[in-house]
Amino acid sequence: MSKRTKNKPISPVTTPTNVLVIGSGGREHALGWKLKRSRLCAQIFFAPGNAGTAKVGKNIDLAIEPVNTKNADAIDYFCRHNNVGLVVIGPEDPLSQGLADRLARPDRAVFGPVAAGARLEADKAYSKQLMRAANVPTAEARIFTDPDAALSYVHAHETPVVVKAAGLAKGKGVIVCDNPEQAEDAVKQVMIDKAFGDAGATAVIEERLVGQELSVLALVDGKNIYVLDPAQDHKQAHEGDTGPNTGGMGAYCPTPLMDNKIMAIVERDILVPMVDAMKREGVEFKGVLYAGLMLTAGGPKVLEFNTRFGDPECQPLMMRLQGDLMEIMLATSAGSLDEVSLTWDKRCCCCVVMASGGYPGQYEKGKIITGIEAAEQDPNVKVFHAGTTLNKEGQVVTSGGRVLNVCAMGEDLAEAQQRANAACDKIHFEGAFFRRDIGYRVMKK
Ligand code: AMP
Ligand code: GLY
(Lines give C-alpha, C1' and ligand atoms only; values in the text may rest on other atoms or scores of the structure.)
(Ligands and ions follow the chains in the order given, each with its own letter.)
Protein backbone atom coordinates (compact mmCIF):
# COMPACT_ATOMS: atom_id res chain seq x y z
CA MET A 1 0.00 0.00 0.00
CA SER A 2 1.36 3.40 -0.97
CA LYS A 3 2.63 5.96 1.52
CA ARG A 4 0.55 9.00 2.27
CA THR A 5 1.21 11.89 -0.06
CA LYS A 6 2.03 15.17 1.68
CA ASN A 7 -0.71 17.43 0.36
CA LYS A 8 -3.64 15.09 0.67
CA PRO A 9 -5.27 15.02 4.10
CA ILE A 10 -6.39 11.52 5.06
CA SER A 11 -9.40 12.73 7.00
CA PRO A 12 -11.01 15.80 8.55
CA VAL A 13 -8.98 15.04 11.68
CA THR A 14 -5.34 16.10 11.45
CA THR A 15 -4.60 17.30 14.98
CA PRO A 16 -5.03 15.31 18.20
CA THR A 17 -8.63 14.79 19.13
CA ASN A 18 -10.63 12.76 21.61
CA VAL A 19 -12.05 9.35 20.75
CA LEU A 20 -15.24 7.60 21.87
CA VAL A 21 -15.27 3.78 21.75
CA ILE A 22 -18.72 2.18 21.94
CA GLY A 23 -18.84 -1.26 23.59
CA SER A 24 -17.59 -3.11 26.66
CA GLY A 25 -15.75 -6.23 25.55
CA GLY A 26 -12.19 -7.40 25.06
CA ARG A 27 -12.41 -6.11 21.51
CA GLU A 28 -13.10 -2.59 22.71
CA HIS A 29 -10.35 -2.76 25.34
CA ALA A 30 -7.85 -3.88 22.67
CA LEU A 31 -8.98 -1.20 20.20
CA GLY A 32 -8.77 1.52 22.86
CA TRP A 33 -5.34 0.31 24.03
CA LYS A 34 -4.04 0.55 20.48
CA LEU A 35 -5.75 3.86 19.70
CA LYS A 36 -4.22 5.40 22.82
CA ARG A 37 -0.75 5.00 21.27
CA SER A 38 -1.68 7.11 18.25
CA ARG A 39 -0.12 10.54 17.80
CA LEU A 40 -3.62 11.75 16.87
CA CYS A 41 -5.34 10.48 20.01
CA ALA A 42 -5.83 12.86 22.95
CA GLN A 43 -8.25 11.30 25.45
CA ILE A 44 -10.34 8.15 25.07
CA PHE A 45 -13.86 7.63 26.37
CA PHE A 46 -15.58 4.25 26.52
CA ALA A 47 -19.33 3.76 26.62
CA PRO A 48 -19.87 1.76 28.72
CA GLY A 49 -16.41 0.12 28.90
CA ASN A 50 -15.15 -2.22 31.64
CA ALA A 51 -12.55 -2.29 34.45
CA GLY A 52 -9.74 -2.60 31.88
CA THR A 53 -10.82 0.29 29.67
CA ALA A 54 -11.07 2.48 32.81
CA LYS A 55 -7.26 2.33 32.93
CA VAL A 56 -6.87 3.34 29.27
CA GLY A 57 -9.35 6.20 29.36
CA LYS A 58 -12.60 7.22 30.98
CA ASN A 59 -15.74 5.09 31.11
CA ILE A 60 -18.90 7.08 30.61
CA ASP A 61 -22.49 6.25 31.36
CA LEU A 62 -24.38 6.78 28.10
CA ALA A 63 -27.34 4.68 26.94
CA ILE A 64 -26.35 2.99 23.68
CA GLU A 65 -29.25 0.66 23.04
CA PRO A 66 -31.74 0.75 21.63
CA VAL A 67 -30.42 3.28 19.16
CA ASN A 68 -33.14 5.89 18.94
CA THR A 69 -33.29 9.65 18.53
CA LYS A 70 -33.00 10.31 22.27
CA ASN A 71 -29.98 8.06 22.82
CA ALA A 72 -28.24 9.12 19.62
CA ASP A 73 -28.78 12.79 20.44
CA ALA A 74 -27.24 12.25 23.89
CA ILE A 75 -24.15 10.61 22.34
CA ASP A 76 -23.92 13.37 19.75
CA TYR A 77 -24.18 15.98 22.52
CA PHE A 78 -21.44 14.26 24.50
CA CYS A 79 -19.18 14.19 21.43
CA ARG A 80 -19.75 17.87 20.65
CA HIS A 81 -18.99 18.93 24.21
CA ASN A 82 -15.96 16.71 24.62
CA ASN A 83 -14.09 17.36 21.39
CA VAL A 84 -14.64 13.82 20.07
CA GLY A 85 -13.35 13.65 16.48
CA LEU A 86 -13.61 9.87 16.08
CA VAL A 87 -16.29 7.44 17.23
CA VAL A 88 -15.46 3.74 17.00
CA ILE A 89 -18.46 1.43 17.15
CA GLY A 90 -17.43 -2.08 18.25
CA PRO A 91 -20.54 -4.32 18.43
CA GLU A 92 -23.06 -5.31 15.77
CA ASP A 93 -26.27 -4.22 17.50
CA PRO A 94 -25.70 -0.44 17.50
CA LEU A 95 -24.31 -0.67 13.96
CA SER A 96 -27.37 -2.49 12.63
CA GLN A 97 -29.61 -0.03 14.49
CA GLY A 98 -28.04 2.87 12.62
CA LEU A 99 -25.74 4.50 15.16
CA ALA A 100 -23.07 5.23 12.52
CA ASP A 101 -25.69 6.89 10.30
CA ARG A 102 -26.76 9.14 13.15
CA LEU A 103 -23.32 10.20 14.41
CA ALA A 104 -21.42 11.01 11.21
CA ARG A 105 -20.75 14.70 10.65
CA PRO A 106 -18.34 16.60 8.42
CA ASP A 107 -16.02 17.27 11.36
CA ARG A 108 -16.41 13.88 13.03
CA ALA A 109 -15.30 10.51 11.73
CA VAL A 110 -17.18 7.31 12.56
CA PHE A 111 -15.56 3.91 12.25
CA GLY A 112 -18.18 1.29 11.37
CA PRO A 113 -20.70 0.86 8.56
CA VAL A 114 -24.08 2.51 8.18
CA ALA A 115 -27.12 0.34 8.96
CA ALA A 116 -27.58 -0.60 5.30
CA GLY A 117 -24.04 -2.03 5.34
CA ALA A 118 -24.43 -3.72 8.73
CA ARG A 119 -27.46 -5.51 7.30
CA LEU A 120 -25.01 -7.95 5.77
CA GLU A 121 -24.53 -9.32 9.29
CA ALA A 122 -27.93 -8.52 10.78
CA ASP A 123 -29.99 -10.25 8.09
CA LYS A 124 -28.66 -13.62 6.98
CA ALA A 125 -31.37 -13.97 4.31
CA TYR A 126 -30.38 -10.67 2.71
CA SER A 127 -26.71 -11.60 2.99
CA LYS A 128 -27.33 -14.94 1.27
CA GLN A 129 -29.26 -13.27 -1.54
CA LEU A 130 -26.46 -10.75 -2.08
CA MET A 131 -23.86 -13.54 -2.12
CA ARG A 132 -25.88 -15.41 -4.73
CA ALA A 133 -26.28 -12.32 -6.88
CA ALA A 134 -22.54 -11.67 -6.70
CA ASN A 135 -21.66 -15.32 -7.32
CA VAL A 136 -19.77 -15.54 -4.03
CA PRO A 137 -19.03 -19.15 -2.97
CA THR A 138 -21.24 -20.09 -0.01
CA ALA A 139 -23.35 -23.00 1.25
CA GLU A 140 -26.44 -23.79 -0.83
CA ALA A 141 -29.42 -22.43 1.05
CA ARG A 142 -33.18 -21.96 1.13
CA ILE A 143 -34.91 -19.11 2.90
CA PHE A 144 -38.19 -19.69 4.78
CA THR A 145 -40.78 -17.49 6.45
CA ASP A 146 -43.38 -20.28 6.76
CA PRO A 147 -42.48 -22.82 9.49
CA ASP A 148 -44.59 -25.61 7.87
CA ALA A 149 -42.75 -25.21 4.57
CA ALA A 150 -39.43 -25.29 6.44
CA LEU A 151 -40.49 -28.42 8.35
CA SER A 152 -41.44 -30.34 5.24
CA TYR A 153 -38.24 -29.23 3.52
CA VAL A 154 -35.97 -30.57 6.28
CA HIS A 155 -38.13 -33.68 6.76
CA ALA A 156 -37.35 -34.76 3.20
CA HIS A 157 -33.72 -33.61 3.27
CA GLU A 158 -31.37 -36.53 3.87
CA THR A 159 -28.01 -34.72 3.89
CA PRO A 160 -27.11 -32.69 7.02
CA VAL A 161 -28.28 -29.09 7.22
CA VAL A 162 -27.68 -26.02 9.36
CA VAL A 163 -30.69 -24.03 10.57
CA LYS A 164 -30.10 -20.32 11.15
CA ALA A 165 -32.27 -17.56 12.55
CA ALA A 166 -31.90 -14.81 9.95
CA GLY A 167 -31.65 -11.95 12.46
CA LEU A 168 -29.09 -11.03 15.11
CA ALA A 169 -29.05 -13.53 17.99
CA LYS A 170 -25.79 -12.78 19.83
CA GLY A 171 -24.03 -15.50 17.81
CA LYS A 172 -26.41 -18.15 19.14
CA GLY A 173 -29.04 -18.46 16.40
CA VAL A 174 -27.27 -21.20 14.42
CA ILE A 175 -28.06 -24.91 14.91
CA VAL A 176 -25.84 -27.46 13.19
CA CYS A 177 -27.82 -30.68 12.62
CA ASP A 178 -26.81 -34.30 11.93
CA ASN A 179 -30.12 -35.66 10.65
CA PRO A 180 -33.69 -34.69 9.64
CA GLU A 181 -35.04 -35.20 13.19
CA GLN A 182 -32.57 -32.72 14.63
CA ALA A 183 -33.30 -30.33 11.79
CA GLU A 184 -37.06 -30.49 12.45
CA ASP A 185 -36.38 -29.82 16.09
CA ALA A 186 -34.16 -26.88 15.13
CA VAL A 187 -36.85 -25.39 12.88
CA LYS A 188 -39.34 -25.68 15.76
CA GLN A 189 -36.94 -23.94 18.14
CA VAL A 190 -36.11 -21.12 15.74
CA MET A 191 -39.40 -20.47 13.93
CA ILE A 192 -42.18 -21.75 16.21
CA ASP A 193 -40.88 -21.51 19.80
CA LYS A 194 -38.96 -18.35 18.83
CA ALA A 195 -35.96 -19.32 20.98
CA PHE A 196 -34.12 -16.34 19.43
CA GLY A 197 -37.10 -14.00 19.37
CA ASP A 198 -37.97 -12.15 16.18
CA ALA A 199 -34.56 -13.03 14.76
CA GLY A 200 -36.15 -16.39 13.90
CA ALA A 201 -39.15 -15.05 11.97
CA THR A 202 -37.14 -15.88 8.85
CA ALA A 203 -34.87 -18.92 8.77
CA VAL A 204 -32.01 -19.76 6.44
CA ILE A 205 -31.56 -23.50 6.03
CA GLU A 206 -28.34 -24.46 4.34
CA GLU A 207 -26.15 -27.41 3.48
CA ARG A 208 -23.71 -28.37 6.20
CA LEU A 209 -20.16 -27.81 5.01
CA VAL A 210 -17.07 -29.61 6.30
CA GLY A 211 -13.56 -28.26 6.62
CA GLN A 212 -11.41 -25.96 8.73
CA GLU A 213 -13.00 -22.69 9.76
CA LEU A 214 -11.23 -19.36 9.78
CA SER A 215 -11.87 -15.65 9.94
CA VAL A 216 -10.67 -13.21 7.32
CA LEU A 217 -11.17 -9.57 8.23
CA ALA A 218 -10.68 -6.69 5.84
CA LEU A 219 -10.74 -2.95 6.21
CA VAL A 220 -12.99 -1.39 3.59
CA ASP A 221 -13.20 2.36 2.91
CA GLY A 222 -16.00 2.28 0.35
CA LYS A 223 -13.70 1.39 -2.52
CA ASN A 224 -10.31 0.16 -1.27
CA ILE A 225 -9.91 -3.13 0.57
CA TYR A 226 -7.05 -4.02 2.90
CA VAL A 227 -7.12 -7.67 3.94
CA LEU A 228 -5.79 -8.38 7.44
CA ASP A 229 -3.90 -11.53 8.41
CA PRO A 230 -6.24 -14.50 8.84
CA ALA A 231 -7.17 -15.70 12.33
CA GLN A 232 -8.81 -18.81 13.73
CA ASP A 233 -11.43 -18.62 16.45
CA HIS A 234 -12.50 -21.46 18.78
CA LYS A 235 -16.24 -21.30 19.28
CA GLN A 236 -16.86 -24.33 21.48
CA ALA A 237 -16.59 -24.05 25.24
CA HIS A 238 -14.24 -26.95 25.94
CA GLU A 239 -10.99 -28.47 24.75
CA GLY A 240 -10.99 -30.50 21.57
CA ASP A 241 -13.99 -28.50 20.32
CA THR A 242 -16.49 -30.08 22.65
CA GLY A 243 -19.34 -28.52 24.58
CA PRO A 244 -21.75 -25.77 23.61
CA ASN A 245 -21.08 -22.89 21.23
CA THR A 246 -19.87 -19.63 22.76
CA GLY A 247 -18.98 -16.16 21.56
CA GLY A 248 -15.40 -17.46 21.13
CA MET A 249 -13.00 -19.08 23.63
CA GLY A 250 -9.76 -18.05 22.00
CA ALA A 251 -8.09 -17.13 18.73
CA TYR A 252 -4.66 -16.97 17.20
CA CYS A 253 -3.22 -15.03 14.30
CA PRO A 254 -1.82 -15.55 11.72
CA THR A 255 -3.02 -19.04 10.83
CA PRO A 256 -0.99 -21.28 8.51
CA LEU A 257 -4.26 -22.68 7.12
CA MET A 258 -4.34 -19.80 4.69
CA ASP A 259 -1.63 -19.47 2.09
CA ASN A 260 -1.21 -16.63 -0.40
CA LYS A 261 -3.03 -18.58 -3.09
CA ILE A 262 -6.19 -19.12 -1.01
CA MET A 263 -5.97 -15.55 0.28
CA ALA A 264 -5.95 -14.26 -3.31
CA ILE A 265 -9.06 -16.33 -4.04
CA VAL A 266 -10.80 -14.97 -0.93
CA GLU A 267 -10.02 -11.41 -1.97
CA ARG A 268 -10.93 -11.85 -5.64
CA ASP A 269 -13.98 -14.12 -5.35
CA ILE A 270 -15.43 -13.11 -1.98
CA LEU A 271 -14.41 -9.72 -0.57
CA VAL A 272 -14.20 -7.61 -3.74
CA PRO A 273 -17.48 -8.95 -5.22
CA MET A 274 -19.31 -8.28 -1.93
CA VAL A 275 -18.11 -4.68 -1.73
CA ASP A 276 -19.16 -4.24 -5.37
CA ALA A 277 -22.52 -5.89 -4.72
CA MET A 278 -23.16 -3.46 -1.89
CA LYS A 279 -22.21 -0.56 -4.12
CA ARG A 280 -24.84 -1.74 -6.59
CA GLU A 281 -27.30 -1.70 -3.68
CA GLY A 282 -26.34 1.93 -3.14
CA VAL A 283 -24.30 1.18 0.00
CA GLU A 284 -20.85 2.61 0.45
CA PHE A 285 -19.47 0.10 2.93
CA LYS A 286 -16.91 1.49 5.36
CA GLY A 287 -15.46 -0.38 8.31
CA VAL A 288 -14.56 -4.01 8.84
CA LEU A 289 -15.90 -6.70 6.53
CA TYR A 290 -15.39 -10.03 8.28
CA ALA A 291 -15.84 -13.24 6.32
CA GLY A 292 -16.37 -16.38 8.39
CA LEU A 293 -15.07 -19.05 6.03
CA MET A 294 -14.98 -22.81 5.73
CA LEU A 295 -12.06 -24.21 3.76
CA THR A 296 -13.90 -27.00 1.93
CA ALA A 297 -12.58 -29.52 -0.60
CA GLY A 298 -14.17 -27.24 -3.20
CA GLY A 299 -12.34 -24.12 -1.98
CA PRO A 300 -13.19 -21.43 0.59
CA LYS A 301 -16.90 -20.85 1.17
CA VAL A 302 -18.63 -18.18 3.24
CA LEU A 303 -20.48 -19.25 6.41
CA GLU A 304 -21.39 -15.72 7.38
CA PHE A 305 -20.41 -12.11 7.07
CA ASN A 306 -19.91 -9.84 10.06
CA THR A 307 -19.54 -6.11 9.71
CA ARG A 308 -17.21 -5.37 12.66
CA PHE A 309 -14.05 -6.70 14.25
CA GLY A 310 -14.43 -10.26 15.56
CA ASP A 311 -14.17 -10.80 19.28
CA PRO A 312 -11.67 -12.36 20.17
CA GLU A 313 -9.99 -12.20 16.71
CA CYS A 314 -9.50 -8.45 17.13
CA GLN A 315 -7.23 -8.89 20.16
CA PRO A 316 -4.40 -10.83 18.40
CA LEU A 317 -4.72 -8.45 15.44
CA MET A 318 -4.21 -5.42 17.68
CA MET A 319 -1.28 -7.10 19.46
CA ARG A 320 0.43 -7.57 16.08
CA LEU A 321 -0.46 -4.22 14.46
CA GLN A 322 2.50 -1.84 14.42
CA GLY A 323 0.93 0.99 12.42
CA ASP A 324 -1.12 3.86 13.82
CA LEU A 325 -4.65 2.50 14.38
CA MET A 326 -6.25 5.92 14.63
CA GLU A 327 -4.76 7.01 11.33
CA ILE A 328 -5.98 3.76 9.78
CA MET A 329 -9.50 4.19 11.15
CA LEU A 330 -9.68 7.81 10.04
CA ALA A 331 -8.50 6.84 6.56
CA THR A 332 -11.09 4.04 6.44
CA SER A 333 -13.88 6.44 7.21
CA ALA A 334 -12.51 9.11 4.84
CA GLY A 335 -12.13 6.73 1.87
CA SER A 336 -8.35 7.11 1.78
CA LEU A 337 -7.17 3.72 2.95
CA ASP A 338 -4.78 3.58 0.00
CA GLU A 339 -2.88 6.48 1.58
CA VAL A 340 -1.84 4.75 4.81
CA SER A 341 0.60 1.97 5.48
CA LEU A 342 0.00 -0.91 7.86
CA THR A 343 2.84 -2.91 9.32
CA TRP A 344 2.61 -6.04 11.40
CA ASP A 345 4.71 -7.83 13.97
CA LYS A 346 5.76 -11.05 12.22
CA ARG A 347 5.33 -13.08 15.38
CA CYS A 348 2.25 -15.09 16.27
CA CYS A 349 -0.27 -14.04 18.90
CA CYS A 350 -2.43 -16.44 20.87
CA CYS A 351 -5.43 -15.15 22.82
CA VAL A 352 -6.98 -17.36 25.51
CA VAL A 353 -10.37 -16.44 26.94
CA MET A 354 -10.87 -16.95 30.69
CA ALA A 355 -14.56 -17.49 31.34
CA SER A 356 -16.93 -17.69 34.31
CA GLY A 357 -17.86 -21.19 35.52
CA GLY A 358 -21.08 -22.24 33.77
CA TYR A 359 -20.64 -20.01 30.70
CA PRO A 360 -22.26 -20.03 28.12
CA GLY A 361 -25.08 -21.12 30.43
CA GLN A 362 -25.84 -19.62 33.85
CA TYR A 363 -22.91 -18.20 35.80
CA GLU A 364 -22.32 -16.08 38.89
CA LYS A 365 -20.92 -12.56 38.83
CA GLY A 366 -18.93 -10.44 41.27
CA LYS A 367 -16.00 -12.85 41.76
CA ILE A 368 -12.78 -11.09 42.76
CA ILE A 369 -10.03 -11.39 40.13
CA THR A 370 -6.37 -11.56 41.17
CA GLY A 371 -3.07 -12.10 39.39
CA ILE A 372 -3.48 -9.90 36.30
CA GLU A 373 -0.38 -7.87 37.12
CA ALA A 374 1.62 -11.02 37.80
CA ALA A 375 0.55 -12.39 34.40
CA GLU A 376 1.61 -9.17 32.69
CA GLN A 377 5.11 -9.40 34.21
CA ASP A 378 5.98 -11.33 31.06
CA PRO A 379 6.60 -8.57 28.47
CA ASN A 380 5.07 -10.82 25.80
CA VAL A 381 1.74 -10.90 27.63
CA LYS A 382 -1.16 -8.45 27.65
CA VAL A 383 -4.46 -9.05 29.43
CA PHE A 384 -7.54 -7.42 27.92
CA HIS A 385 -10.67 -7.18 30.03
CA ALA A 386 -14.07 -8.32 28.74
CA GLY A 387 -16.66 -9.05 31.47
CA THR A 388 -15.10 -7.12 34.35
CA THR A 389 -16.11 -4.20 36.53
CA LEU A 390 -14.90 -2.48 39.70
CA ASN A 391 -16.78 -3.20 42.94
CA LYS A 392 -17.43 -0.65 45.69
CA GLU A 393 -14.02 -1.35 47.19
CA GLY A 394 -12.35 -0.69 43.84
CA GLN A 395 -11.46 -4.35 43.26
CA VAL A 396 -11.68 -5.88 39.78
CA VAL A 397 -14.54 -8.39 39.75
CA THR A 398 -16.26 -10.54 37.13
CA SER A 399 -19.39 -9.18 35.44
CA GLY A 400 -19.85 -11.38 32.38
CA GLY A 401 -19.37 -14.82 30.83
CA ARG A 402 -16.18 -14.10 28.96
CA VAL A 403 -14.10 -12.34 31.60
CA LEU A 404 -10.51 -11.83 30.38
CA ASN A 405 -8.62 -12.22 27.11
CA VAL A 406 -5.08 -13.27 27.88
CA CYS A 407 -2.87 -12.57 24.85
CA ALA A 408 0.73 -13.63 24.34
CA MET A 409 3.21 -13.17 21.51
CA GLY A 410 5.63 -15.91 20.45
CA GLU A 411 8.01 -16.79 17.64
CA ASP A 412 5.53 -19.48 16.68
CA LEU A 413 2.07 -20.58 17.73
CA ALA A 414 3.39 -23.18 20.20
CA GLU A 415 5.42 -20.56 22.05
CA ALA A 416 2.56 -18.03 22.02
CA GLN A 417 0.12 -20.63 23.31
CA GLN A 418 2.46 -21.81 26.06
CA ARG A 419 3.01 -18.22 27.25
CA ALA A 420 -0.70 -17.42 27.20
CA ASN A 421 -1.52 -20.56 29.19
CA ALA A 422 1.24 -19.82 31.71
CA ALA A 423 -0.19 -16.31 32.13
CA CYS A 424 -3.71 -17.73 32.68
CA ASP A 425 -2.31 -19.99 35.41
CA LYS A 426 -1.31 -16.87 37.35
CA ILE A 427 -4.82 -15.38 37.25
CA HIS A 428 -7.52 -16.49 39.65
CA PHE A 429 -11.22 -16.04 40.22
CA GLU A 430 -13.70 -18.52 41.59
CA GLY A 431 -15.05 -20.82 38.89
CA ALA A 432 -12.64 -19.64 36.17
CA PHE A 433 -12.04 -21.94 33.22
CA PHE A 434 -10.20 -21.67 29.91
CA ARG A 435 -9.07 -23.83 27.00
CA ARG A 436 -5.39 -24.76 26.98
CA ASP A 437 -5.59 -25.98 23.39
CA ILE A 438 -6.08 -22.76 21.39
CA GLY A 439 -4.53 -23.44 17.99
CA TYR A 440 -4.44 -27.23 18.43
CA ARG A 441 -5.93 -27.92 15.01
CA VAL A 442 -2.78 -26.71 13.28
CA MET A 443 -0.20 -27.75 15.88
CA LYS A 444 1.94 -30.87 15.79
CA LYS A 445 1.18 -33.23 18.65
P1 AMP B 1 -22.45 -18.37 11.84
O2 AMP B 1 -22.89 -17.51 12.98
O3 AMP B 1 -23.35 -18.34 10.66
O4 AMP B 1 -20.99 -18.23 11.51
O5 AMP B 1 -22.49 -19.85 12.42
C6 AMP B 1 -21.92 -20.19 13.68
C7 AMP B 1 -21.14 -21.46 13.54
O8 AMP B 1 -21.96 -22.51 13.01
C9 AMP B 1 -19.98 -21.34 12.56
O10 AMP B 1 -18.85 -20.83 13.17
C11 AMP B 1 -19.82 -22.78 12.12
O12 AMP B 1 -19.05 -23.52 13.06
C13 AMP B 1 -21.22 -23.32 12.13
N14 AMP B 1 -21.81 -23.22 10.77
C15 AMP B 1 -22.49 -22.19 10.22
N16 AMP B 1 -22.86 -22.46 8.96
C17 AMP B 1 -22.41 -23.69 8.68
C18 AMP B 1 -22.49 -24.54 7.53
N19 AMP B 1 -23.11 -24.17 6.42
N20 AMP B 1 -21.90 -25.75 7.60
C21 AMP B 1 -21.28 -26.16 8.73
N22 AMP B 1 -21.18 -25.42 9.86
C23 AMP B 1 -21.74 -24.19 9.84
N1 GLY C 1 -15.48 -14.42 17.13
C2 GLY C 1 -16.67 -14.47 16.38
C3 GLY C 1 -17.37 -13.19 16.26
O4 GLY C 1 -16.91 -12.15 16.67
O5 GLY C 1 -18.46 -13.19 15.69
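Computed values, structure above
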{"read-out": "Subset of segment 414-445 that is exposed (fewer than 15 other Cβ atoms within 10 Å of the Cβ) and assigned to a loop (DSSP other than H, G, I, E, B) - its residue that is nearest to the chain's Cα centre (by Cα)", "value": "Arg436"}
{"read-out": "Filter result (under 21 Å from Ala331 (Cα atoms) and of a type in the set (A, V, I, L, M)) within segment 272-293", "value": "Val272, Met274, Val275, Met278, Val283, Val288, Leu289"}
{"read-out": "Segment 377-411, residues that are part of a strand (DSSP E or B) and small (Gly, Ala, Ser)", "value": "Ala408, Gly410"}
{"read-out": "Options Gly292, Gly282, Gly250; residue that is away from ligand 1 (no atom under 13 Å from the Cβ), closer than 29 Å to Val352 by Cα and at pLDDT 95 or above", "value": "Gly250"}
{"read-out": "Considering residues of segment 190-201 that are closer than 21 Å to Pro94 by Cα and either among the basic types (Lys, Arg) or part of a loop (DSSP other than H, G, I, E, B) (or both) only, the residue farthest from ligand 2 (Cβ to nearest atom)", "value": "Ala201"}
{"read-out": "Residues of segment 210-231 satisfying the condition of being within 14 Å of ligand 1 (Cβ to nearest atom) and crowded, with 21+ Cβ neighbours inside 10 Å", "value": "Leu214, Ser215, Val216, Leu217, Ala231"}
{"read-out": "Selection status of Met318, farther than 24 Å from Asp412 by Cβ, in contact (Cβ under 8 Å) with a residue 60 or more places away in the chain, within 17 Å of the chain's Cα centre (by Cα) and away from ligand 1 (no atom under 16 Å from the Cβ)", "value": "no"}
{"read-out": "Some residue of segment 345-367 being surrounded by fewer than 18 Cβ atoms within 10 Å (Cβ to Cβ) and among the β-branched types (Val, Ile, Thr)", "value": "no"}
{"read-out": "Qualifying residues in segment 284-323 (those that are away from ligand 2 (no atom under 16 Å from the Cβ) and within 23 Å of Asn380 (Cα to Cα)) - the one surrounded by the most Cβ atoms within 10 Å (Cβ to Cβ)", "value": "Arg320"}
{"read-out": "Residue among Thr389, Thr398, Thr332 that is among the hydroxyl-bearing types (Ser, Thr, Tyr) and either within 20 Å of the chain's Cα centre (by Cα) or more than 19 Å from Val56 (Cα to Cα) (or both)", "value": "Thr332"}
{"read-out": "Any pair with Cβ under 7 angstrom, 6 or more apart, that starts in segment 27-49 at a residue that is over 21 Å from Glu65 (Cβ atoms) and within 16 Å of ligand 2 (Cβ to nearest atom) and ends at one that is modelled with pLDDT of 95 or more and part of a helix (DSSP H, G or I)", "value": "Ala30/Cys314; Ala30/Gln315; Ala30/Met318"}
{"read-out": "Segment 376-409, subset of a type in the set (Gly, Ala, Ser) and in contact with a Leu (Cβ under 9 Å, 6 or more places away or on another chain), residue nearest to Met319 (Cα to Cα)", "value": "Ala386"}
{"read-out": "Criterion (touching an Asp or Glu at 6+ places or on another chain (Cβ under 8 Å), within 17 Å of Phe305 (Cα to Cα), crowded, with 19+ Cβ neighbours inside 10 Å and of a type in the set (A, V, I, L, M, F, W, C)) met by exactly one of Val204, Val114", "value": "Val114"}
{"read-out": "Elements of type helices (runs of 4 or more DSSP H) contained in segment 307-376, each with 2 or more residues being within 25 Å of Pro16 (Cβ to Cβ)", "value": "314-320, 325-334"}
{"read-out": "Selected residue [away from ligand 2 (no atom under 16 Å from the Cβ) and either of a type outside the set (A, V, I, L, M, F, W, C) or surrounded by fewer than 18 Cβ atoms within 10 Å (Cβ to Cβ) (or both)] from Lys164, Lys128, Lys170", "value": "Lys128"}
{"read-out": "Within segment 197-227, tally of residues that are more than 20 Å from the chain's Cα centre (by Cα) and not charged (D, E, K, R)", "value": "11"}
{"read-out": "Selected residue [within 20 Å of the chain's Cα centre (by Cα), crowded, with 22+ Cβ neighbours inside 10 Å and of a type outside the set (Phe, Trp, Tyr)] from Leu103, Leu95", "value": "Leu95"}
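The values are calculated or read from the model by the stated rules, or taken from the named source; none is laboratory data. Every value quoted in this text rests on a predicted model; they were computed, and no experiment measured them. Backbone-built Cβ (ideal geometry, glycine too); neighbour counts: all protein chains shown.
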